[in-house]
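Student: Got a structure for you, written out below as structure tokens; questions coming shortly.
The values are calculated or read from the model by the stated rules, or taken from the named source; none is laboratory data. Note that the structure is predicted; figures quoted are calculated from it, not measured. Neighbour counts run over all protein chains shown; Cβ positions are idealised from the backbone, glycine included. Just the protein is used for accessible areas: all its heavy atoms, side chains included, with ligands, DNA and RNA removed. Shrake-Rupley method; radii C 1.70, N 1.55, O 1.52, S 1.80 Å.
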Protein chains: 2
Amino acid sequence: MGIIVQKFGGSSVANAQRVRNVASIITDTYKAGNEVVVVVSAQGDTTDDLIEKAGEINPKASKREMDMLLSTGELISASLVAMAIEGMGFPVVSLSGWQAGFVTDSNHGNARIRRIDKERVQNELDKHNIVIVAGFQGLNRYDDITTLGRGGSDTSAVALAAVLGADLCQIYTDVDGVYTADPRLVKTARKLDEITYDEMLELASLGAQVLHNRSVEMAKKYNVKLEVLSSLERKSGTEVKEVIKVEKMLIRGVARDNDVARVSVVSVPDVPGIAFKIFSLLAARKINVDIILQSIGRHGTKDISFTVSRSNSDIAVQALEEIKDVLGCEQITCDKTVSKVSVVGSGMVANPGVAAKMFEALSEANINIHMISTSEIKISVLIDEEDSLKALNAVHDAFQV
Amino acid sequence: MGIIVQKFGGSSVANAQRVRNVASIITDTYKAGNEVVVVVSAQGDTTDDLIEKAGEINPKASKREMDMLLSTGELISASLVAMAIEGMGFPVVSLSGWQAGFVTDSNHGNARIRRIDKERVQNELDKHNIVIVAGFQGLNRYDDITTLGRGGSDTSAVALAAVLGADLCQIYTDVDGVYTADPRLVKTARKLDEITYDEMLELASLGAQVLHNRSVEMAKKYNVKLEVLSSLERKSGTEVKEVIKVEKMLIRGVARDNDVARVSVVSVPDVPGIAFKIFSLLAARKINVDIILQSIGRHGTKDISFTVSRSNSDIAVQALEEIKDVLGCEQITCDKTVSKVSVVGSGMVANPGVAAKMFEALSEANINIHMISTSEIKISVLIDEEDSLKALNAVHDAFQV
């Protein structure tokens, strides 16, 4: 018994039958004596359909008008879920983002939540209503509708849970939890019962797209206990929290990210300031750099390599070509056939054997490592994309996660 | 140059091409130096699609949740029209009903506008923006979304025009004006340049569904000059106003209504109080009665006949059957094969020849009249439905309207 916030994604409410299924999950939680607040995304492909409608009329529509348009998707699913719950005989009310008190900044299309005025939601809970909130949206100070960008409904749910002091925030999706690796790629992958916020953040940023990073960061900041679980099967999922019970397992998961390109600045003079010139330029162009590798200088020159997302790689190369003379480099190369494989686990920091074990597994699988990057809870290696599936399995098996 | 409110119905914004067409009408009005406020309905079949979606989930959904759902249709078309105008390079902003300041009562599904807080709309006009408002909707005092019921967007437009002191309220639809008769039924029907509010009200209630009555009543009350015109053809339509220039034409239009049934209470005792018993019962069941005819008493009994809409006729008969003994009547009959043909015109009251001329035309066409009803600006006759088309043309030709 407590306050539970539940979030259902677009596939969980895609049609009438699924909406009714979601309604039965919600009412079961309510019948168990909990106060229930639900955040819903737009049904299935609704958002894409609306984007297409807009594209037919004006492909360069303002973000302000796009937000007005796209926010309707969540309004529709919120009212439909409420109707299904009404049909089951429970007290319920649906609320738009602004009715639920979501106040955001004015960054249309990717707004940040400034605060939530919880009065209305609290009021409905006090009246013993189940509250269904349209996710992904809010209102800025000018009374204009804003949307929160990718993963916005997860963020809506976690923020509401934080403001309401909820006991649990359940993120229902089409997978039944967080796995040690993508089960479609690694047969021996298994579901985790628990994972820490930091591990989840690393896994998410590595391509295990279960929860959006912004929502996990917010959960960590406000200490909101998350659970990732499936709306299609009634079984427990994966809990995401600050501290988890110690297991002998060193690592939590293995992930692959193919959206990686390696850019190399070859033969730059081995003098101070070169790296600064390169990375300040990329920062100015808003290009995120992931792994950076600098070769040891030889014959007065060195090579600087780094990875970016593939969509940014051409822009990065073009930017660097413009200052090629300033850099004094021989050439700038770009390789889009690479992939990043990473192991994540909080236990790693206290155990230096993890890296060695990972490299051993890759070596035995005859996989060449181009770059290495380590953090306190993560080790990533850059390898050829064609080796990535083999690498993922080899590393996963080596750690028997 | 002035303030012009334009309203576009669902068929006028049904697809991308029509949205662009509407945008060009709006921007032409703006370019001519006017301040332009636009009210839009939901695209084409959007509202029906949403009702179907709700029906699949809960056919008995609350009106509160239906309003939440249905209000999205107008939000979508408002943002799409705004995007089209952005694409043409004009300053524009779309507003939901509540953003535009529409405050209504709490009668979900059929709410009345209480007031319009015009600050936001005025503010946008002051910034030289074209303002696109989602019609059909508002907010009640509890911050819940309401809808205005049938013809709601017309009412939204007229109310906004009244509050803004607009010089003209243009209702764009898929016909190019108000006709002397339905052009699909009467070949010689012609478009009226002008019509009074009262005449328009009579014609609308007689089945000439161009403008919804509530919007015409509001226009009359606040003296808002209306114009009904087509969004598909660039030509002037029909102006609706208080006083129109005198024409020799006695009548303004001829209309037919087939949604009529005649209920007869046969051989009731010719004593006081019988009519009261019948019509108070029908009023209690919320059944609207139109024409009433009471026969002259003979042999101590009389017949009372009246017309109702066909959908209400069975309920009316059933209600009367329940008090058949109290009424002391012989039988209750119902005829659903009748039709009402009416002539409307402000000039009628001063000219007693109109009724005679109408009856003459019907007599010459060999059409039997069952009932007659007259008001200051209208004469209606009840005839057999199979005669109605012939009657409509005969009457129209007789007056050469």
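Student: Which is farthest toward the positive dipole end of region A:259-401 among A:382, A:297, A:276, measuring Cα position about the Cα centre, with Cβ charges +1 (Lys, Arg) and -1 (Asp, Glu)?
Tutor: Value: A:276.
Student: Could you pull out which residues in region A:254-284 have an amide N less than 15 Å from a spot 7 Å beyond the Cα of residue A:301, following the Cα-Cβ vector?
Tutor: A:264-271, by backbone N distance to the label point.
Student: With N set to the residue count of region B:273-401, report its C-alpha Rg divided by 2.2 N^0.38 Å to two decimal places.
Tutor: On the way: Rg = 16.6 Å, N = 129, 2.2 N^0.38 = 13.9 Å.
With N residues counted in region B:273-401, Rg over 2.2 N^0.38 Å equals 1.19.
Student: Using a 1.4 angstrom probe with every protein chain in place, what is the largest-first accessible-area order of A:63, B:53?
Tutor: Order by accessible area, largest first: A:63, B:53.
Student: In nm, give the distance between the simple-model label positions of residue A:1 and residue A:333, each being 7 Å from the Cα along the Cα-to-Cβ direction.
Tutor: 6.8
Student: Next question, about the same structure. List the distances, in nm to one decimal, from the label point of residue A:49 to the label points of the same position in every other copy, shortest first, placing each label point 7 Å from Cα along the Cα-to-Cβ direction.
Tutor: 0.5
Student: Simple spin-label model, 7 Å along Cα-to-Cβ: residue A:15 to residue B:363 in nm?
Tutor: Label-label distance for residue A:15 and residue B:363, simple model: 6.6 nm.
Student: Once amide H atoms are placed 1.01 Å from N in the peptide plane, what residues at a sequence separation of 5 or more from residue A:136, or on another chain, have their amide H within under 5 Å of its amide H?
Tutor: HN-HN under 5 Å from residue A:136: A:153, A:156.
Student: Using a simple spin-label model with points 7 Å from Cα along the Cα→Cβ vector, what separation in nm is obtained for residue A:318 and residue A:105?
Tutor: So the label points at residue A:318 and residue A:105 sit 2.7 nm apart.
Student: Sticking with this one: List the distances, in nm to one decimal, from the label point of residue A:24 to the label points of the same position in every other copy, shortest first, placing each label point 7 Å from Cα along the Cα-to-Cβ direction.
Tutor: In nanometres, ordered from closest: 5.4.
Student: How much length would be gained if the chain were fully extended between residue A:326 and residue A:143, taking 0.36 nm per residue of separation minus their Cα-Cα distance, in nm to one decimal?
Tutor: Gain on extension, residue A:326 to residue A:143, equals 61.0 nm.
Student: Largest first, how would A:214, B:256 line up by accessible area (1.4 Å probe)?
Tutor: Descending accessible area places them as B:256, A:214.
Student: Would you compute the Debye intensity of region B:3-174 from its alpha-carbon atoms alone, equal scatterers and no solvent, and pass along log10 I(q)/I(0) at q = 0.09, 0.15, 0.16, 0.19 Å⁻¹ to two decimals?
Tutor: -0.27, -0.75, -0.85, -1.17
Student: Mind giving me the FRET efficiency for residue B:150 and residue B:56? R0 is 35 Å, r the Cβ-Cβ distance, nearest 0.05 is fine.
Tutor: With R0 = 35 Å, the Cβ-Cβ based efficiency is 0.95.
Student: Using Cα springs under 10 Å in a Gaussian network model of chain A, which residue among A:288, A:58, A:21 shows the largest mean-square fluctuation?
Tutor: Comparing A:288, A:58, A:21 in a Gaussian network model of chain A, the most mobile one is A:58.
Student: List the accessible area buried at the contact between A and B, summed over both sides and calculated with a 1.4 Å probe, in Å² to the nearest 100.
Tutor: Summed over both sides, the interface buries about 3200 Å².
Student: List the distances, in nm to one decimal, from the label point of residue A:333 to the label points of the same position in every other copy, shortest first, placing each label point 7 Å from Cα along the Cα-to-Cβ direction.
Tutor: Those label-point separations list as 10.1 nm.
Student: Keeping the other protein chains in place, figure out the carbon and sulfur percent of the accessible area of chain B, with a 1.4 Å probe.
Tutor: Working: 8290 of 17180 Å².
Carbon and sulfur: 48 percent of the exposed surface of chain B.
Student: Taking N as the number of residues in region B:89-217, what is its Cα Rg relative to 2.2 N^0.38 Å?
Tutor: 1.19
Student: Shifting gears a bit: Please compute the volume of the convex hull spanned by the alpha-carbon atoms of region A:166-275 and report it per residue in Å³.
Tutor: 172
Student: Tell me, what is a quarter of the convex hull surface for the C-alpha atoms of region A:224-278, in nm² with one decimal?
Tutor: 9.0
Student: Return one number: the angle in degrees, 0 to 90 and rounded to the nearest 10, between the long axis of the Cα atoms of helix A:388-399 and the longest principal axis of the Cα atoms of chain A.
Tutor: Taking the Cα atoms of chain A, the angle to A:388-399 is about 80 degrees.
Student: Excluding ligands, DNA and RNA, what is the solvent-accessible area per residue of region A:3-174 at a probe of 1.4 Å, expressed in Å²?
Tutor: Heavy-atom accessible area per residue stands at 34 Å².
Student: Would you mind computing Rg(Cα) / (2.2 N^0.38 Å) for chain B, counting N as its residues?
Tutor: For chain B, the normalised Cα radius of gyration is 1.10.
Student: Please give the calculated 222 nm ellipticity per residue for chain A, where each DSSP H segment of at least 4 residues contributes -39500 (n - 2.57) and the sum is spread over every residue; nearest 500 deg cm²/dmol?
Tutor: Using -39500 (n - 2.57) per qualifying helix, the result is -11000 deg cm²/dmol.
Student: Could I ask something else about it? Where does the protein assembly as shown land on Rg/Rh, using Cα atoms and the Kirkwood Rh?
Tutor: We get a ratio of 1.12 for the protein assembly as shown.
Student: Could you pull out every one of the lysines with an alpha carbon less than 27 Å from that of residue B:235, ignoring same-chain neighbours closer than 8 positions?
Tutor: List returned: B:7, B:31, B:187, B:191, B:220, B:225, B:245, B:248.
Student: Next question, about the same structure. Which one of B:147, B:8, B:90 has its Cα pushed farthest toward the positive end of the charge dipole of region B:3-174, where Lys and Arg give +1 and Asp and Glu give -1 at the Cβ?
Tutor: Final value for the positive-end residue is B:147.
Student: How far, in whole Å, is the closest Cβ of chain B from the axis that maps B onto A, and which residue does it belong to?
Tutor: Minimum Cβ distance to the axis, with residue: B:72, 2.
Student: Looking at region A:113-247, send over the antiparallel percent of its DSSP beta bridges, to the nearest 5.
Tutor: Within region A:113-247, antiparallel bridges account for around 45 percent of the total.
Student: What is the calculated FRET efficiency for residue B:266 to residue B:386, with r their C-beta to C-beta distance and R₀ = 25 Å, to the nearest 0.05?
Tutor: Calculated transfer efficiency: 0.60.
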